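Engineer: Okay, here's the structure, questions in a sec.
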Amino acid sequence: MVDQEVEVREAEAPYMRPILPVTHSETSLPGLKMGAVTAADPADEGSVLELKDLNVFYGNFQALKDINMSIGRHRITAIIGPSGCGKSTLIRCLNRMNDLIPSFRAQGEVLFEQQNLYSRDIDPVEVRQRIGMVFQKPNPFPKSIYDNVAFGVRINGIKGKMDEIVEKSLRAAALWDEVKDKLSQSALALSGGQQQRLCIARAIAVEPEIILMDEPCSALDPIATLRIEELMRELVSTYTIVIVTHNMQQAARVSDFTAVMMMSEERAGEMVEFGDTREIFTNPKDRRTEDYITGRFG
Amino acid sequence: MTVEAAGGPPNASQITRKGFSAQRARELPIYAFLFCCAALSIVTTFGIVIVLFEETYSFFKEVSIVEFLTGTEWTPLFTEKHFGVLPLLNATMFMAVGAMFIALPFGLASAIYLSEYAPQTVRSIVKPILEILAGIPTVVYGYFALQFISPEIVQFIFGSDTSIFNAMAASIAMGIMILPLVSSLSEDAMRAVPRSLREGAYGLGANRFEVATRVVFPAALSGIVAASILAISRAVGETMIVALVAGQIPNFSWNPLEAMAAMTAYIVQVSLGETPRGTIEYSTIFAIGSMLFVTTLVLNILAQWLLARFREEYE
Amino acid sequence: MSTQTLAYDTAGRNAYRRVWARLFHTVFLCATLFGIVALAVLLITVGLDGLGRVSWDFINGYPSRFAERAGIKSALFGTFWLMGMTAMIAVPIGVGAAIYLEEFAARNWLTKIIETNINNLAGVPSIIYGLLGLAIFVRVMGLDRSVLAGALTMALLILPIIIVAAREGLRSVPPSIREAALAVGATPWQTVRFQVLPPAMPMILTGVILALSRAIGETAPLIIIGALAFVAFVPDGPLSSFTVLPIQIYNWTSRPQPEFAQTAAAGIVVLLAVLLSMNAVAVILRNYFERKRKW
């Protein structure tokens with residue numbers, strides 16, 4: 001599996017070069033150099049999601065331009081960049097949430113287990129069953145805590161004792177101890193941080209392979225943010241996580257790989273650099289990355 | 001981490017192809033049903049058009065269009081039949097315009113008051129009251145017109161030898177009925193005028209009255225005109241008031257103190273009797289109905305076009 | 001021009017402007033009061049004429065040739081039958097159409113046509129629906145002058161109102177709820193069925209009640225399809241013939257004898273009472289759920 005992956009990456013390298021000239025020198029190809037990976041599982045498990053020449057349009061406006069990246073299995077990949085650069089658009093492409101926007105159009109490929117998520121015969125519903133998402137603002141259903149977690153399980157017809165699944169998911173989201181006595185209370189009564197962890201539990205309950213997080217901490221206070229970050233490090237042993245954040249420290253703290261996005265002159269989002277997080281933050285190859293992470297703009 | 005991957009996320013499993021997803025297949029009839037619900041509106045429209053024009057067609061096989069549109073006598077229920085629609089059409093339009101003499105000044109003035117002058121507390125009291133006025137069934141207005149407006153107002157002013165059935169009473173009642181429509185739609189239009197316009201005028205030293213009449217009113221004009229057209233359309237289609245208080249006599253006249261049968265009143269008159277299908281009387285109500293339908297449709301489309309233009313300007 | 005003259009002129013002109021502004025403030029206020037006064041006069045007229053006539057015998061009595069003996073039992077029951085059946089037909093269809101248009105419809109020409117068409121149908125005079133009902137339900141489908149024919153006609157009449165109200169209800173549910181449901185792999189229908197419709201339901205219900213309260217006062221279409229004025233029995237099924245309150249009121253009003261005018265007024269009192277209680281229920285529902293709503 002790993003070897004095969006390497007070959008795929010090598011084969012791609014040539015046409016990626018013009019866009020990412022520096023990053024994709026052989027040494028910093030993501031998903032390959034397991035040595036660079038921080039505290040995660042030492043066994044490199046290859047990439048689970050591959051983006052190839054992804055271009056996204058809203059009507060005539062190009063929102064994303066020639067995005068290429070691969071998401072390592074059981075790794076946290078962070079997407080950072082100034083606001084408006086298309087981070088959210090990109091992450092929403094990964095489980096076809098953008099389908100809800102009528103003028104949305106995607107070109108190129110998003111390969112999940114070798115299947116292009118945007119090919120005609122793919123059912124976006126099933127994509128979302130296997131690639132879950134946590135949103136910027138906590139968005140629990142206006143129902144009980146229990147029902148929030150159970151909803152996805154019920155509709156997906158997952159077998160098993162519901163009570164156990166709910167408990168397991170809430171435990172996994174580090175929320176169980178806080179809510180175990182009030183499962184039937186409204187989820188809207190929880191604090192913002194608890195709501196967001198409930199949303200994570202809800203995503204976990206349907207056992208996705210990937211969890212996408214779109215600025216999951218932007219509406220939370222620092223302590224709640226820290227809880228979520230710790231939680232992400234725990235979850236990554238079981239799941240693959242992609243997180244969009246505008247907070248560079250957060251990316252540095254939690255992620256294994258980092259993609260830096262910028263807005264091009266035509267206002268389309270581009271990926272300027274993608275690689276090992278430590279590399280990006282200590283030794284950025286691209287001038288724009290350096291400017292951004294040192295706070296010179298953005 | 002204990003999500004022991006119940007069966008494990010099946011890594012190798014392919015995402016099923018669209019057509020084979022059982023859940024989706026089961027849902028197909030639901031989407032089809034929902035679409036049919038929405039499409040029923042189109043069926044309804046077609047139904048109306050077909051029903052109206054089928055009978056109208058058979059009507060015009062017996063009566064010439066020229067006579068229908070230019071004749072000034074309408075006596076299809078008598079032995080000597082005349083099929084000139086002008087008396088009915090005239091009565092309908094005459095009374096609708098008469099209603100606007102009440103609804104327009106009072107409706108617009110109260111719209112200006114509510115939008116530009118009224119404090120929040122007054123608005124929150126007055127608006128629900130106007131809504132109640134709009135919610136009163138038209139048959140109640142008919143009763144009110146016949147039992148109060150006609151004897152206590154019209155006959156009081158113009159003398160008791162005036163017929164109790166008269167166009168003026170109908171117009172006044174219809175005017176009160178459509179007043180809330182004019183006032184609330186116009187108020188919406190005026191409130192949609194951006195603050196910056198008002199502030200610009202106040203900045204030049206204009207007072208509230210000048211801002212309301214010279215800035216807000218002209219800016220909202222297309223919305224106000226649309227509201228008025230909708231109100232006229234409502235008055236044209238109004239049935240119970242004219243049937244009760246304007247009388248059943250086809251009367252080609254512009255004297256508001258006379259009785260005159262409107263188009264809708266005629267349809268009611270025929271419907272109350274026994275008119276078997278296939279008779280010319282049965283066809284007449286559909287011919288009149290077509291006329292009514294086309295008139296109100298044109299008015300509504302005009303109003304919607306104006307409203308769309310208004311929205312483009314400010315929203 | 002000296003500054004003194006200018007100052008003098010401005011002051012004079014401003015005083016003149018102020019007088020006009022005050023005058024019209026009063027004019028506008030009076031015009032607003034006109035509607036309120038009209039409503040008050042109407043209610044007082046009806047109340048004076050009719051309140052004395054309202055009694056249990058009136059509510060529980062059948063129509064009669066004698067004004068003092070006439071009652072509205074059959075009309076009241078007819079109204080309830082008609083409204084119940086109208087709701088059963090119009091609510092599922094109206095809510096279904098709203099769901100389709102609000103949640104699923106692609107933004108294409110067909111959707112646009114349907115939406116424009118619904119707008120236009122809302123403006124079609126009710127008497128035209130009566131003609132449609134007469135030709136289709138009464139004659140072609142052979143339902144005759146039954147409650148069912150009336151309910152079908154009324155359902156078509158209030159569909160546009162219900163659709164608009166239901167769409168508003170659906171729109172009040174924030175998009176983040178839909179995203180949340182879709183993100184755990186719900187199909188669009190499951191999303192609507194389990195997460196959008198339940199919180200939207202109170203608002204939809206409010207709209208439905210208001211739409212029905214419009215229908216309850218409708219007279220013209222029912223006269224056209226031939227609902228009878230003199231019915232001395234309570235409907236016993238969907239195919240029974242029937243009368244309703246507004247038709248009874250119309251019939252009594254159109255009679256020359258003044259005693260029948262009183263009977264009509266009493267009927268109006270009952271009709272307005274029914275209407276008022278429906279509106280009150282709608283308002284209470286709306287306020288209750290608006291307070292409960294958290295987003």
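Engineer: In whole Hz, with x marking every Gly and Pro, tabulate ³J(HN,Hα) for the range A:47-58 from phi via Karplus 6.51 cos²θ - 1.76 cosθ + 1.60, θ = phi - 60°.
Structural biologist: 10, 9, 9, 10, 9, 10, 6, 6, 10, 10, 10, 10
Engineer: Separation of the range C:125-167 and the range A:53-105 by C-alpha centroid, Å?
Structural biologist: 50 Å
Engineer: Past 26 Å, Cα to Cα, is the threshold; run A:LYS52/A:LYS87; A:LYS137/A:LYS285; A:LYS137/A:LYS159 against it and keep the listed order. Could the numbers behind the result be given before it?
Structural biologist: Details: A:LYS52/A:LYS87 16 Å; A:LYS137/A:LYS285 33 Å; A:LYS137/A:LYS159 30 Å.
Over 26 Å Cα-Cα: A:LYS137/A:LYS285; A:LYS137/A:LYS159.
Engineer: Under the rule of at least 5 residues apart or a separate chain, name every residue whose amide H is placed under 5 Å from the amide H of A:VAL134.
Structural biologist: A:LEU212, A:MET213, A:ASP214
Engineer: 5 Å is the cut-off here: which amide hydrogens, built 1.01 Å from N in the peptide plane, fall below it relative to A:ARG73, excluding neighbours closer than 5 in sequence?
Structural biologist: Counting only residues 5 or more places away or on other chains, the set is A:GLU45, A:GLY46, A:SER47, A:VAL48.
Engineer: For the range B:68-314, what is the charge dipole size about the Cα centre, in debye to the nearest 20, if Lys and Arg each add +1 at the Cβ and Asp and Glu each add -1 at the Cβ?
Structural biologist: The dipole magnitude comes to about 700 debye.
Engineer: With N set to the number of residues, divide the alpha-carbon radius of gyration of chain C by 2.2 N^0.38 Å and report two decimals.
Structural biologist: Rounded to two decimals, the normalised Rg is 1.35.
Engineer: Per residue of the protein assembly as shown, what 222 nm ellipticity follows from adding -39500 (n - 2.57) for every DSSP H run with n ≥ 4, rounded to the nearest 500?
Structural biologist: Helix-only estimate at 222 nm: -18500 deg cm²/dmol.
Engineer: Would you look at the GNM of chain B, springs on alpha carbons closer than 10 Å, and say which of B:ILE172, B:ILE232, B:ILE280 moves the most?
Structural biologist: B:ILE280
Engineer: If you don't mind, there's one more thing I want to ask. What list of ³J(HN,Hα) values in whole Hz, one per residue of the range C:201-209 in order, does the Karplus curve 6.51 cos²θ - 1.76 cosθ + 1.60 (θ = phi - 60°) give from phi, with Gly and Pro shown as x?
Structural biologist: Taking θ as phi minus 60°, the curve returns 4, x, 5, 4, 4, 4, x, 5, 4 Hz for the range C:201-209.
Engineer: Give, to the nearest whole percent, the P(r) tail of the range B:204-284 beyond 16 angstrom, counting all Cα pairs.
Structural biologist: Of the Cα pairs, 68 percent sit more than 16 Å apart.
Engineer: Along the charge dipole of the protein assembly as shown, which of B:MET168, C:ILE224, A:PRO222 sits closest to the positive end, that is, farthest toward it, with unit charges on the beta carbon of Lys, Arg, Asp and Glu (+1, +1, -1, -1)?
Structural biologist: B:MET168
Engineer: Could you work out the mean count of beta carbons from other protein chains within 10 Å of each residue's beta carbon in A:119-131?
Structural biologist: Mean shielding by partner chains, rounded to a whole number: 6.
Engineer: Here is a follow-up. So if I take the centroid of the Cα atoms in the range C:79-108 and the same for the range C:216-243, what is the distance between those two points in Å?
Structural biologist: 23 Å
Engineer: Near the amide H of A:ILE79, under 5 Å away, which other amide H atoms are found, from residues 5 or more places off or on another chain, if H is placed in the peptide plane?
Structural biologist: Here A:ILE243, A:VAL244, A:THR245, A:ALA259 satisfy the definition.
Engineer: Using a cut-off of 12 Å between beta-carbons, work out the net charge of the residues near C:VAL231 (Lys and Arg +1, Asp and Glu -1, C:VAL231 not included).
Structural biologist: That sum, taken over residues with Cβ under 12 Å, equals +1.
Engineer: Could you give the spread of the C-alpha atoms of the protein assembly as shown along their three principal axes, from largest to smallest, in whole angstroms?
Structural biologist: 107, 89, 58
Engineer: While we're here: For the range A:214-298, which trypsin sites (Lys or Arg not before Pro) are both in a DSSP coil and crowded by at most 13 other Cβ atoms within 10 Å?
Structural biologist: A:ARG267, A:ARG296
Engineer: Shifting gears a bit: Over the whole of B:46-56, what's the average partner chain Cβ count within 10 Å per residue? Rounded to a whole number, please.
Structural biologist: Other-chain Cβ atoms within 10 Å of each residue's Cβ, averaged: 3.
Engineer: I've got another one for you. Dipole size in debye (nearest 20) for the protein assembly as shown around its Cα centre, Lys and Arg Cβ +1, Asp and Glu Cβ -1?
Structural biologist: 1460 debye
Engineer: Among A:ALA106, C:TRP81, C:VAL274, whose Cα lies farthest out toward the positive end of the dipole of the protein assembly as shown, if unit charges sit on the beta carbon of Lys, Arg (+1) and Asp, Glu (-1)?
Structural biologist: C:VAL274
Engineer: Considering only DSSP states other than H, G, I, E and B, which GluC sites (Glu not before Pro) in the range A:195-298 qualify as loop sites with at most 13 other Cβ atoms within 10 Å?
Structural biologist: Taking the range A:195-298 and a limit of 13 other Cβ atoms within 10 Å, the loop GluC sites (Glu not before Pro) found are A:GLU265, A:GLU266.
Engineer: Pick out, in residue order, every one of the GluC sites (Glu not before Pro) in the range B:62-167 that is DSSP loop and has at most 11 other C-beta atoms within 10 Å; say none if there are none.
Structural biologist: Listed in order of number, the matching sites are B:GLU80.
Engineer: Got a sec to turn the phi values of the range A:110-125 into Karplus ³J(HN,Hα) couplings, 6.51 cos²θ - 1.76 cosθ + 1.60 with θ = phi - 60°, whole Hz, x for Gly and Pro?
Structural biologist: Whole-Hz 3J(HN,Hα) from phi for the range A:110-125: 10, 9, 10, 6, 6, 10, 7, 5, 9, 6, 4, 8, 8, 8, x, 4.
Engineer: Treating the beta-carbon of each Lys and Arg as +1 and of each Asp and Glu as -1, no other charges, what is the dipole magnitude of chain C about its Cα centre, to the nearest 20 debye? If you can, show how the numbers build up before the last one.
Structural biologist: Details: 23 positive and 14 negative charges, 145 e Å.
Dipole of chain C, to the nearest 20 debye: 700 debye.
Engineer: Among the lysines, which have Cα under 20 Å from the Cα of B:LYS61 when same-chain residues fewer than 8 positions away are ignored?
Structural biologist: Correct list for B:LYS61: B:LYS81.
Engineer: Cross-link candidates for C:LYS112: which lysines have Cα within less than 30 Å, leaving aside residues fewer than 8 places away along the same chain?
Structural biologist: Reachable lysines: B:LYS18.
Engineer: Something else now. Of A:VAL206, B:VAL245, how do they rank once you tally other Cβ atoms within 10 Å and put the fewest first?
Structural biologist: Listing A:VAL206, B:VAL245 from fewest to most nearby Cβ atoms yields A:VAL206, B:VAL245.
Engineer: Let me ask something else about it. Find the percent of Cα-Cα distances in the range A:160-272 that exceed 19 Å, and round it to a whole number.
Structural biologist: Above the 19 Å cut-off, the range A:160-272 has 49 percent of its Cα pairs.
Engineer: How big is the C-alpha Rg of the range C:32-143 next to the rule-of-thumb value 2.2 N^0.38 Å, as a ratio?
Structural biologist: Rg over 2.2 N^0.38 Å, computed on Cα atoms: 1.61.
Engineer: Another one. If you build a Gaussian network model of chain B, linking Cα atoms that sit under 10 Å apart, which residue out of B:SER64, B:SER233, B:SER283 swings the most?
Structural biologist: Most flexible of the set in this elastic network: B:SER64.
Engineer: Using only Cα atoms, locate the centre of the range A:193-218 and the centre of the range B:266-283, then give the distance between them in Å, rounded to an integer.
Structural biologist: Going from one Cα centre to the other spans 68 Å.
Engineer: As I understand it, the dipole of the protein assembly as shown uses +1 on the Cβ of Lys and Arg and -1 on the Cβ of Asp and Glu, about the Cα centre. Which of C:ILE284, A:SER191, A:LEU212 lies farthest toward its positive end?
Structural biologist: So the residue we want is C:ILE284.
Engineer: Now for a different question. Can you list the aspartates and glutamates whose alpha carbon sits under 19 Å from that of A:LYS180, skipping same-chain ones fewer than 8 residues off?
Structural biologist: Filter leaves A:ASP147, A:ASP163, A:GLU164, A:GLU167.
Engineer: Taking every residue in B:263-275, how many Cβ atoms of other protein chains lie within 10 Å of its Cβ, on average?
Structural biologist: Per residue, the number of nearby Cβ atoms from other chains is 4 on average.
All of the numbers you see were taken from the coordinates with simple rules; none came from a lab. Keep in mind that this is a model prediction, so the values were computed, not measured. Positions of Cβ are backbone-derived with ideal geometry, glycine not excepted, and every protein chain shown enters the neighbour counts.
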